[in-house]
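Note sheet for the following structure.
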Amino acid sequence: MLTFLTNKLKSHFMQNFLSGVIYQICMAVCGIVMPRLIIMHYGSVLNGLISTVTQLISYMSIVEMGLASASLVALYDPMAKHDYIKASQIVAAINRFYNQVAALFSFGTIIAGLLLPFFIKDDIPIYTIWLVVASVAGINLVTYMFLGKYRAILQADNRLYVSNYARSLGVVIQIFLGIVIIYLNWNIAFIKFIAVFTACVETVILIAYVRRVYPQLNYHVEPAIGAIKQRSDILVHQISGLVLNNTDILLLAIFGGTLSLASIYNVYNMILGLVTQVISSFLSARATVFARLYVLGDITQLKQRVFKFEGWYLMVVYSLHTAMAISIMPFIRLYTYGVKDANYDLPIVGLFFALLGISKVLRSCYSEIVASAGKFKETKGIVITSATINIILSLILIWDLKITGLLIGSIVAELYRTVHYIFYFQKNIYRSNVLAYSLRIIFNTITFAVLYIASHQYRLSAFTNYSIAFASMFATTIAIICIFMIIKYITDFLFDKTARH
């Protein structure tokens, strides 16, 4: 039985990982192509409007009150044990809660749409602002009303690849139709309405798949309301995440004086987002395996798998962020070539975004397991403090340092959260060797610094075209991966025996 389970987990891991890579490639193409076209065709101000509204709607998602994470935690156990009666009751509860969330979210969106025009200083027609708000909010609304429960079922059963493939198809449709809309010179809001349409496509695909694979699930049973636990504690984590990930653009929109700063931030953040998404795919495929092992109580197997995984994880994290730090400015200069309404050439911002990315994902290997264990109440003090640090530092530093000041605040807050999460894991999940993991981080950080400084001797002022840009970035990434792979094997040799004790 254990061998069968192990083989099944490995099979789903590979499918989750490969589908995640495909999805991230599609997202990368969309993330690179569409903002460039929007900036060139509509200008930095309207691109900043989309970024600002997206962040605002992210804040509106607090009405979900941690439902997505709580649903996933509740479903792990019955799906792992094939208890479809209990799973049906939990899914029915999820559906009821999501309907309530959709109603609250719709009301909040209307209020946000009415108030937002008063805070925007740039000359943008009110109807354009309203249309952008409606289109961005529509994506969340489809998720709450239809997608949420099906994604939870698939992720809890380690079948995230189904959603990944459906999303990949949606992104391809977004790119194609988005280019058509820009060519036809339609209102910018229609570009976001395409995402609403593709969310509906994903809904149809997931409904068909889930109902075929899980015919045992009954969506009309009495909901197990009490099974969805810790929502208030999860909400604290969700608000903290919103503060850490979505505050900067809103602060720039309010205190920066122009939406152009929000556009600049968004272009750099787009590149960091692509790197983070690749790392997330690498992690999420394995995180579900870790969660199932924890739920089944196989701590020995969990320790062995996490131990083997963390070395490779750090190699991926530092390789991709080093390649980003080295390549980001030549790429930005090419990407924004011809843009005259804002200055995107900010090397210090590029470096700080890479450092922010590293500080965010260092803890993820452990924080995913902590979340799977349902330790939201126990860790909410950590996330409250980190969010507070971020807000205070950002408000102090934005006046003189603008984007750089916001990034400093975010980095300090993320590092605080990372350190405390690792120590919490060590104390409350199982004992791992923090010293060995910390030394791995130090070795990789030193390598990052050496490569970044050395790259200045050979850095191009800008790539001359996209073919050269992508070829150079690919070659740089491969070379850096090889270097960090050597660092991994060195640290394995130095620290692995220590880490096992």
Below 8 Å between Cα atoms, with a sequence gap of 6+, how large is the relative contact order for the stretch 230-501 in percent? 28
Percentage relative contact order, the stretch 152-226, counting C-alpha pairs under 8 Å, at least six apart: 33
Treating cross-link reach as a plain straight distance, find the aspartates and glutamates whose alpha-carbon is under 20 Å from the alpha-carbon of residue 303, omitting any fewer than eight places away in the same chain. 77, 368, 492, 496
What number, rounded to the nearest 500 deg cm²/dmol, is the helix-based mean residue ellipticity at 222 nm of the chain, given -39500 (n - 2.57) per DSSP H run of at least four residues and division by all its residues? -29000 deg cm²/dmol
Please give the peptides 476-483, 153-160, 267-274 ranked by average Cβ packing (other Cβ atoms within 10 Å per residue), highest first, as a rough proxy for protection. 153-160, 267-274, 476-483
With a 29 Å threshold on alpha-carbon distance, the violating pairs from 308/427; 121/377; 380/488; 81/375; 86/377; 149/488 are 121/377; 380/488; 149/488
Using the Karplus curve 6.51 cos²θ - 1.76 cosθ + 1.60 with θ = phi - 60°, what ³J(HN,Hα) values do you get for each residue of the stretch 262-277, in whole Hz, with x for Gly and Pro? 5, 5, 4, 4, 5, 5, 5, 5, 4, 5, 4, x, 5, 5, 4, 5
Dipole magnitude of the chain about its Cα centre, charges +1 at Lys/Arg Cβ and -1 at Asp/Glu Cβ only, in debye to the nearest 20? 1220
According to a simple spin-label model (label point 7 Å from Cα along Cα-to-Cβ), what is the distance in nm between residue 456 and residue 400? 2.2
Rank 71, 16, 136 by how far each Cα sits towards the positive end of the charge dipole of the stretch 1-229 (+1 on Lys, Arg Cβ; -1 on Asp, Glu Cβ) and give me just the farthest. 16
Burial order of peptide ranges 319-329, 484-494 (average beta-carbon count within 10 Å, highest first): 319-329, 484-494
Note: residue 127 to residue 185 extended length (0.36 nm per residue) minus current alpha-carbon separation gives 19.3 nm
Percent RCO, i.e. relative contact order, over the stretch 1-229, from Cα pairs under 8 Å lying at least 6 residues apart: 34
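Just so you know, all these numbers are worked out from the coordinates, no wet-lab data involved. Here the structure is a predicted model, which is why all the values come from computation and not from measurement. Cβ sites come from the backbone with ideal geometry, for glycine too, and all protein chains shown count toward neighbours.
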